[in-house]
Amino acid sequence: MRLVLATVGVSFLPLLASAHHAFSANYDVNEKGSIEGVVEEVFWANPHVHFYVRVTNQDGSNELWDAEDSNLTGMSRRGWNRNTISVGDKIRISGSMGRDGRRRIWAAEVFWADGSPVR
Amino acid sequence: MSTSRFSLRITALTLLGLAADVAAAQIAEMTGKWILALDGSPSAGDETLELRILGLDPSPDIDYGILEISHSDTQWRVFIDGGPVNLLSLNGDRIVFDFDWTDSGDVLHIAKLEGIFADGAFTGSTTENGQKRGIWHASPWAEHADTGAAPTPVDISGLWLSLSRGTHKDTFDLTPNGDAANVAYDPTFDDPHLRCVTGGVIRMEDGPFGYEIIQRHDHVLILYEYFHEVRRVWTDGRDFPEDIEDAYLSMGYSTGHWEGATFVIETRGMKPTVWDAAGMPTSPSAVVIERKYLDGAGRLHTDYTLHDSVNFNRPVYRHAYRERSASAELNESACDPHSFYRSLDLEDQLDDYWRRSSSRF
């Protein structure tokens, strides 16, 4: 498992991000990236679903990352339920990274270890 | 923190106003309040928008706002939802302005509207960053349509699904007190929604959540999917309780009556909170007026007006609309703040959170 970061150039973003909103205060929409790891905890509740993912870094150390997803209504519309992703699953999550080096990611897309998207 | 360079620019331009070349007769026609409909479909034509505004289009993709155009001492000023707007030019019957708005992901946009005034309404096109975003239309809007009309209640009961897209004006005309509250606000710690605490009646319109209305003989029940809230609107003619400003209620105390076919709700006694994700504050003396009415297609529209002179120099508006569903069910959308504290703990920020207790809404 390893951490993958990919920064997207600002020129792709036609929008200004206000620093006074919860989403943009926690996440940097200009910095897209992904994490790979093992699900250690699933928080299946509002206001937002969270997957806590243990990520092993290239130097062998590991860190617990907080991957935030939609509310339960949004998850339900997507066809997901509390059993879609379980503790112990290996997944890759891509999306906006946490600001200021926070170990957070906004889960825009989630994939299984074989690269297929979680549906 | 809130006084970004952008918001400063807006405030400065609005306070200065804009002198413009407009015929005297037209000044009276153009000033006042208008209901602004922004169609986000770039390919839509004027005819399509007209159908949508009349509620006759089955797939609306419209953001609404309250547009105000004022003229005094030769200066023109424009506001949307009570917040300042950059009036870029006004020449004869042509108007150009831009304004800041946030989408449902709390991302800030700048929309530029160019339009023409004809036959008592504005129509024009919207661009963002030079790209056409859609078209817009503004028709007259009456803030207080109370004409003493006899009550003619209509059936607004049932389950109403949200059609509003979670968009809203970003900056507002704050008093020094409101500005101080906004500057002190840190959304990563202070947003009540993060702790599963409702931000009050206006913010309950945010998000993709439904609500159910049950009309009873002496009150109207509103069952919200969002935060699993329940609200009673008393229609038996009662007054507000004494010392209502000390009530400190999440959803306030509401009374309602019918003005013709419009259900009018007045809410007081709300605790200090923020009514949007950007941290716009409300005070215990705030009063929210809601006007609920059906359009030609049976959709339920609500005009919210927030009167809060402690925090805002002008009333604040919000327009929301919903469609009735005979088949949908309300989910139990209760909320658990576990993840909020879990995140703070993971990031060693819990102590900072406890130290900000005085900022808690």
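No value in this document is a laboratory result; all are computed from the given coordinates. Computed from a prediction, not measured in an experiment: that's the story for all the values here. Cβ sites come from the backbone with ideal geometry, for glycine too, and all protein chains shown count toward neighbours.
So here's what we get for this one:
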quantity: Mean Cβ count within 10 Å, highest first, over the residues of peptides A:58-67, A:71-80; calculated: A:71-80, A:58-67
quantity: Test item: B:334-347 mean partner chain Cβ contacts at 10 Å; calculated: 5
quantity: Amide proton proximity set for B:I66, modelled H, under 5 Å, gap of 5+; calculated: B:L36, B:D81
quantity: ³J(HN,Hα) computed for each position of segment B:258-273 - Karplus, 6.51 cos²θ - 1.76 cosθ + 1.60, integer Hz, glycine/proline x; calculated: 9, 10, x, 9, 9, 8, 10, 10, 10, 10, 9, x, 7, 6, x, 7
quantity: In Hz, Karplus ³J(HN,Hα) per residue of segment B:73-81 (6.51, -1.76, 1.60; θ = phi - 60°; x = Gly, Pro); calculated: 6, 6, 9, 9, 9, 10, 9, 10, 6
quantity: Under-5 Å amide H pairs with A:N62, H placed in peptide plane, nonlocal only; calculated: A:N57
quantity: Chain B, relative contact order in percent, only Cα pairs under 8 angstrom and at least six apart counted; calculated: 16 percent
quantity: Candidate aspartates and glutamates for bridging to B:K132, where Cα separation is under 19 Å - those fewer than 8 sequence places away on the same chain excluded; calculated: B:D39, B:D46, B:E47, B:E50, B:D61, B:D63, B:D98, B:D100, B:D103, B:E114
quantity: Peptides ranked, highest mean first, by Cβ atoms within 10 Å: ranges A:84-90, A:107-113, A:36-42; calculated: A:36-42, A:107-113, A:84-90
quantity: Segment B:182-201 versus segment B:342-361: alpha-carbon centroid distance in Å; calculated: 12 Å
quantity: Proximal aspartates and glutamates relative to A:K32, as straight alpha-carbon distance under 18 Å, when same-chain residues fewer than 8 apart are discounted; calculated: A:D66, A:E68, A:D69, A:D100, A:E109, B:D106
quantity: Amide proton proximity set for B:G166, modelled H, under 5 Å, gap of 5+; calculated: B:G207
quantity: In order through segment B:190-204: 3J(HN,Hα) via Karplus (6.51 cos²θ - 1.76 cosθ + 1.60), integer Hz, x for Gly, Pro; calculated: 9, 4, x, 4, 5, 9, 6, 10, 5, x, x, 5, 6, 5, 5
quantity: Shielding by partners, peptide A:65-74 (average Cβ within 10 angstrom, other chains); calculated: 3
quantity: Those lysines that a straight Cα-Cα span of less than 21 Å connects to B:K33, excepting residues fewer than 8 apart in one chain; calculated: B:K112, B:K169, B:K292
quantity: Sorted peptide list for B:336-343, B:236-243, B:186-193, criterion being average Cβ within 10 angstrom, highest first; calculated: B:186-193, B:336-343, B:236-243
quantity: Span from the segment B:221-244 Cα centroid across to the segment B:89-137 one, whole angstrom; calculated: 37 Å
quantity: Mean shadow area of chain B over all directions, Cα convex hull, nm²; calculated: 19.5 nm²
quantity: Point-charge dipole on Cβ atoms (K/R +1, D/E -1) for segment B:158-341, about Cα centre, debye to 20; calculated: 440 debye
quantity: Whether segment A:17-88 is rounded, prolate or oblate, judged on the alpha carbon gyration tensor where a/c under 1.5 counts as rounded; calculated: oblate
